[in-house]
Amino acid sequence: MSTSTSADLAVVVTGMTKSFGPTRALDGAGLTLRRGTVHALLGGNGSGKSTAIKVLAGVHPGDAGHLVVNGREADVAGWSAADAAEAGLRFVHQDLGLFEQLSIAENVALAAGYPTRVGRSVRWKELRAHVAELLERFEIDARPEQPVGSLRPAQRTMVAIARALQDRDDGEAVLVLDEPTATLPAHESEALLAAIRRRADLGQTVMMVSHRMQEVLAVADDFTVFLDGRSVAHLVGGTDVAAPTEAELVAHMTGRAFDGEAGRERVAVPQQAGEAALVVDDLHGGPLRGVSLSAWPGEIVGVAGLVGSGRSALLTTIFGVHRPSGGVLRVLGREQTGREDVKARMRQGVAYVSEDRVGESAFANLSLRENLSASVLRSFWGWRGMATTAERRSAEELVVSHAVKAGSVDHDFATLSGGNQQKAVVGRWLRRAPRLLLLDEPTQGVDVMSRVDIYATVRAAAADGCTVLVASSDFFELSTLCDRVVVLRDGVVDSELTGDELTPDHLTAATQSSVLTAGDAR
Amino acid sequence: MSTSVTSSRGAGTAGAAAGSGTPESPGTAPTTGGRAGKAGRPRRGHDLRGLAEKNALLVLLLGVVVFFSVLPASSERFATSENLAVILGTQATVALLALAVVLPLVSGYFDFSLGANAAASGVLAAGLMSKEDMSLAVACVVCLVFGSLVGLFNGVLVTRFGLNSFVTTLGVATLLGGLIQWYTGGQTILVGISPALVDFGSINVYGVPAVVYVVLLVALVLWYVLTHTPYGRSLYAIGANPRAAKLVGIRTDRYVTASFVLAGAVAALVGILQLARTGSATADSGNSLLFPALAAAFLGATAVRPGFFNVVGTLIGVLFVSITVSGLTVASAAAWVSPVFNGAALLAAVGLSTYLGRARGRAS
């Protein structure tokens, strides 16, 4: 540890222990937050970091441990939500808890209470003034009466942060962010992280959990890594200390040497020979204004582009969710009329994983088994009804082959972690042995280890001759996973990156430059 | 159709708003640390609670039977085969209607027009036989077609045009009630009804009214359809997440419409059985049948497969309510006791299933 005195330390946690039944979620974990720094809490799913945050927030009572927050000492065992608030801990969860239809002012007031006159009528003017000051202080370019739904995603998060800190901006407050960028597109998370960084430079203490290594490395000063409920690494930054590399951090998270570059090696660049599996020519419909591209069997083709560029619409149109209004679409050698629906495209060998796991992939209340077999129901049907035994057995096989961690295939899907849910959703589709696999943000909100598993699965499918189209806002993902990437801009293919050009930096340049040119064009 | 789905979705799972979109919905990584830990805990506690949950209603039913068999005020007349036959006979139509109600509910849609549909079908069957001199068989077929068409109408409005199922079917129910008034002129149809039908409605086979066998047959078919066909499994998937269902290739609009059609046909059968039981068709709106049926369906969703509407649970629900009411009647309780009991039982059942759902981390 460094030589910092206790006055520089906002939070010191030692020996934090918490069990759920016989499972030890936390096993003597420790955590030290220096004042005015951004501290990253890292770990795979089930490493105990979420539990640690919940114990700190007083949501779960801890079993044992010692805690010093802003000089106040306390036992973890008796720590309550009221104590946490009193000590200056402020939490912003991934779900921001904002009401989109209500104004910023109302959202703030719902947390802090409305200022009222005698007779309980709301003093709107005072509320607006307070919120205007808050927005100014947190550098949010918006008006108090604006509905939250009209804000950009990064701004919404900042509103949630401002709301959490509104009564306690004295430098003692400790802001805890649970995956603030998990659902944000790349440029939004950049904006948010920059804003968070500025708060820290002004003396705000921030702890954040994130699965996106690149971001964490860019913004955090210190790092704590959890593994199996223990803190296995404390990395304190400083001017004279070199920042850790991603490989280093992942090695701590996995407890084994991990070659972050291993994902990059390609067995062989597939030949663009023979007939293309997918031919899109001048495709129109929705945000698509004449997309043309081809993909060959065994290829992993990335689709980059800003929100609204038609990235997701391209995939949904190919899958038959939306009908194209014009253009040619040839899937696996068959000319499409454009009137095929999802089921028809599935029969032709197309599979699609939506970017919205909760909203469009998960049957949360159904079992894992039912989720896995949703795409192949008919195959289990005979005159004696659904062959549940065969269904269960095949589900168990899939769980193993896709490395899904689950207690039992009969548990509710909702009890699985995000990464495991996503692996199951991918498994649901790959069991159909698709010839064309469409993935939209396949690893959004997925932990590093699950991400590696998913990449391996996708590569294996491609090696078997499946054509894969990956739409993503994660440039690191695109450059790691794909053989080439097309960049969409305003519904047309703007450029294509391959080989040495295929790096996150080039992708950033390609998409951002398209913003500039798009601005000129209008 | 998304608006109608979300607005009427409360019905999809009896575990209240357990469906999509709740803020703490699954899948968000932050909750996973604790969750992943919990997944490893021994499953015995989980299984025991699940077992208790699954069979609570059945145990309660047996408890009620024992209670009234022992209670001095009712013991003499309650546990007799005559009483059982009466209960089963009078509740057969409610049970069948409850099964019809379950079909659209599985995929998250209400159909309040089923009671009126049954009443209209009964009146139509009676009218066709007495006014048009149709044979029993033809009248029955016409009725079943009529019921299915009403279901088709509902289904198309709800899926193709995206109307809210709650309001749409309420509208159709009111409309049918008016048509019944028009068709009968407010009169009860007494004459010209096939004596074969009325005989069928009053005979017992092995001590049990014949109509009960019809109910059991339909229940068996629906049980098979809902639990053992891709169609039924798809309906449950639509109930769990309609958008995800669409994206795994389920033709949701078609499937939901079909469930309305099937429910309409079953409702028509209810009308015919009702005609057989009473031997006459009154100008009734059918709502007196619908509400106990709805209650039974919701009670049933707390049993067998808790959180989901299901056939066996619904039958247990019907038996639970009707046996209790019969017991209270035999014990000569005041007239207001039965509805109070029914209401309380429904509230308790829904409350319990929501609570258990939360305890399991579903709706919390």
Tell me, which helices (runs of 4 or more DSSP H) lie completely within the range A:306-377 with 2 or more residues that are on the phi < 0 side of the Ramachandran plot and surrounded by fewer than 19 Cβ atoms within 10 Å (Cβ to Cβ)? A:342-347
Can you find even one residue in the range A:16-30 that is modelled with pLDDT under 90 and closer than 21 Å to residue A:166 by Cα? no
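Wholly within the range B:205-300, which helices (runs of 4 or more DSSP H) include no fewer than the required count, namely at least 1 residues that are farther than 21 Å from residue B:126 by Cα and within 14 Å of chain A (Cβ to nearest Cβ)?
Helices (runs of 4 or more DSSP H) meeting the threshold: B:210-228, B:230-240, B:242-247, B:252-278.
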Unique match (being more than 22 Å from residue A:385 (Cβ to Cβ) and either touching a residue at least 40 places away in the same chain (Cβ under 8 Å) or touching a Phe, Trp or Tyr at 6+ places or on another chain (Cβ under 9 Å) (or both)) among B:303, B:237, B:293: B:293
Just one listed residue, out of A:414, A:424, A:387, A:406, is more than 22 Å from residue A:215 (Cβ to Cβ) and at pLDDT 90 or above, and it is A:424
First in the range B:71-82 and touching a residue at least 40 places away in the same chain (Cβ under 8 Å) and more than 16 Å from residue B:207 (Cα to Cα), second anywhere and open to solvent by 50 Å² or more (accessible area, probe 1.4 Å) and polar (S, T, N, Q), Cβ under 8 Å, 6 or more apart: B:73/B:332
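Quick one: which residue in A:163, A:197 is farther than 25 Å from residue A:509 by Cβ, touching a helix residue (DSSP H, G or I) at 6+ places or on another chain (Cβ under 8 Å) and in a helix (DSSP H, G or I)?
Just a single option satisfies the conditions, and that option is A:163.
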Could you list, in sequence order, all residues of the range B:172-199 that are out of contact with any Ser or Thr (no Cβ under 8 Å at 6 or more places or on another chain) and more than 19 Å from residue B:267 (Cβ to Cβ)? B:182, B:185, B:186, B:187, B:195, B:196, B:198, B:199
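Is it the case that some residue within the range B:328-335 is hydroxyl-bearing (Ser, Thr, Tyr), part of a helix (DSSP H, G or I) and touching a helix residue (DSSP H, G or I) at 6+ places or on another chain (Cβ under 6 Å)?
Looking for residues that are hydroxyl-bearing (Ser, Thr, Tyr), part of a helix (DSSP H, G or I) and touching a helix residue (DSSP H, G or I) at 6+ places or on another chain (Cβ under 6 Å), one finds none in the range B:328-335, hence no.
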Test: residue A:304 is farther than 27 Å from residue A:379 by Cβ and either in contact with a strand residue (DSSP E or B) (Cβ under 7 Å, 6 or more places away or on another chain) or not assigned by TED's automatic domain parsing to the domain that holds residue A:456 (or both): yes
Listed residues B:264, B:271, B:313; which is touching a Pro at 6+ places or on another chain (Cβ under 9 Å) and open to solvent by less than 10 Å² (accessible area, probe 1.4 Å)? B:313
Considering only the range A:466-477, I want to know if a residue exists there that is assigned to a helix (DSSP H, G or I) and open to solvent by less than 10 Å² (accessible area, probe 1.4 Å). yes
Checklist (1) away from chain B (no Cβ under 13 Å); (2) touching a residue at least 24 places away in the same chain (Cβ under 8 Å); (3) under 23 Å from the mean Cα position of the chain (by Cα) applied to residue A:456, failing item: (2)
Scan the range B:188-211 for residues that are open to solvent by 40 Å² or more (accessible area, probe 1.4 Å) and either free of Cβ contacts under 8 Å to residues at least 60 places away in the same chain or of a type in the set (A, V, I, L, M, F, W, C) (or both) and jot them down. B:190, B:191, B:195, B:196, B:198, B:199, B:200, B:203, B:205, B:206
Contact list, first residue from the range A:356-381 and more than 7 Å from every other protein chain (Cβ to nearest Cβ), second anywhere and aromatic (Phe, Trp, Tyr) and open to solvent by 20 Å² or more (accessible area, probe 1.4 Å), beta-carbon distance below 8 Å, six or more apart or interchain, is A:373/A:380
It is to be established whether one or more residues within the range B:272-292 are under 16 Å from the mean Cα position of the chain (by Cα) and of a type in the set (Lys, Arg). no
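Name the residues in the range A:391-428 that are part of a helix (DSSP H, G or I) and open to solvent by 40 Å² or more (accessible area, probe 1.4 Å), would you?
Within the range A:391-428, A:392, A:393, A:396, A:397, A:400, A:401, A:415 meet the criteria.
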Among the residues in the range A:13-31, are any closer than 28 Å to residue A:111 by Cα, within 11 Å of another protein chain (Cβ to nearest Cβ), open to solvent by 10 Å² or more (accessible area, probe 1.4 Å) and under 28 Å from the mean Cα position of the chain (by Cα)? no
Complete set of residues in the range A:166-194 that are within 17 Å of the chain's Cα centre (by Cα), within 22 Å of residue A:143 (Cβ to Cβ) and either part of a loop (DSSP other than H, G, I, E, B) or acidic (Asp, Glu) (or both): A:188
For residue B:297, indicate whether it is open to solvent by less than 10 Å² (accessible area, probe 1.4 Å), closer than 30 Å to residue B:145 by Cβ and more than 14 Å from the chain's Cα centre (by Cα). no
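The values are calculated or read from the model by the stated rules, or taken from the named source; none is laboratory data. Predicted model only: the values in this text are computed from it and were never measured. Positions of Cβ are generated from backbone atoms using ideal geometry, with glycine treated the same way; all protein chains shown enter the neighbour counts. Please note that ligands, DNA and RNA were not included when accessible areas were found on the heavy atoms of the full protein model with its side chains. Shrake-Rupley method; radii C 1.70, N 1.55, O 1.52, S 1.80 Å.
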